[in-house]
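J.: Could you have a look at this structure, given as structure tokens, before my questions?
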Amino acid sequence: MTASQRGLVLHAVLAIGCLCLAVPFLTTVFGGPVGYLLSLGLYWLGFCVPVVFLHLGGRLARLYDPRLATAQSWVAVVLGLQVALVFAAGLLPNIGTIPLEAFALALLLALVNAPLEEAAWRGGFLELFADRPVLGFWLCWALFTAWHVPLALAHGIAYEGGWPALVGGAAGLGLIWSAIAWRTGSIFWVSIAHLFTNLVTFPVLIARNGFV
């Protein structure tokens, strides 16, 4: 691997390791909801934002090319179906019990989280591992999945389906999003899918754990 590739991987591994300690600590000291939000802020500021500005620099804009080849028209269909399935499985059965404040907070979090995560994970590895796409693909998928392990260690936070659904869902969705990003050479469509996925999963998490 090149120095820039090693730097990105090391940054991700260190961030995940630090968050394995920080998430249970913050959620114990400040309580589940506040500690969880602080953990997300630490993740965004400690990993996502530095990847965008330090590892990618000015190369991020070209990763948001929305154009698809005629043979890639399936992308929108697959991602639309993915979002619909997540909605049907997660939000739809609970929608009547979720207050409007939960949807408002979910929207705020999704607007920050989805673009930052896609830029840092899919964007970072897609760009820096352009010369070794297979290695970049699997490293991105494995580390993106692993980052959800610290969230599973949060105290006072219950996930729909428990921690296997959290980590397994990240693995499954990460595989789909990574496959499409590497196939299209763009993170535009997966960023939109990620945003809508957060919009239909975060309200349940927020309402169930007393964020609002």
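J.: Any idea how many residues of the stretch 3-36 are within 30 Å of Leu105 (Cβ to Cβ), β-branched (Val, Ile, Thr) and crowded, with 17+ Cβ neighbours inside 10 Å?
T.: Residues in the stretch 3-36 being within 30 Å of Leu105 (Cβ to Cβ), β-branched (Val, Ile, Thr) and crowded, with 17+ Cβ neighbours inside 10 Å: 3 in total.
J.: I need the full set of residues from the stretch 64-79 which are part of a helix (DSSP H, G or I) and either over 12 Å from Ile187 (Cα atoms) or open to solvent by less than 60 Å² (accessible area, probe 1.4 Å) (or both), in order please.
T.: Within the stretch 64-79, Thr70, Ala71, Gln72, Trp74, Val75, Ala76, Val77, Val78, Leu79 qualify.
J.: Quick check on Leu151: is it at pLDDT 95 or above, closer than 25 Å to Asn94 by Cβ and open to solvent by 60 Å² or more (accessible area, probe 1.4 Å)?
T.: no
J.: Considering only the stretch 185-194, state which residues are open to solvent by 40 Å² or more (accessible area, probe 1.4 Å) and of a type in the set (A, V, I, L, M).
T.: Ile192, the sole residue that qualifies.
The values are calculated or read from the model by the stated rules, or taken from the named source; none is laboratory data. Predicted, not measured: the structure shown is a model, and the values here were computed from it. Methodologically, a virtual Cβ is constructed for each residue, glycine included, from the backbone with ideal geometry; neighbour enumeration extends over all protein chains shown. Surface accessibility is based on the protein's heavy atoms, side chains included, excluding ligands, DNA and RNA. Shrake-Rupley method; radii C 1.70, N 1.55, O 1.52, S 1.80 Å.
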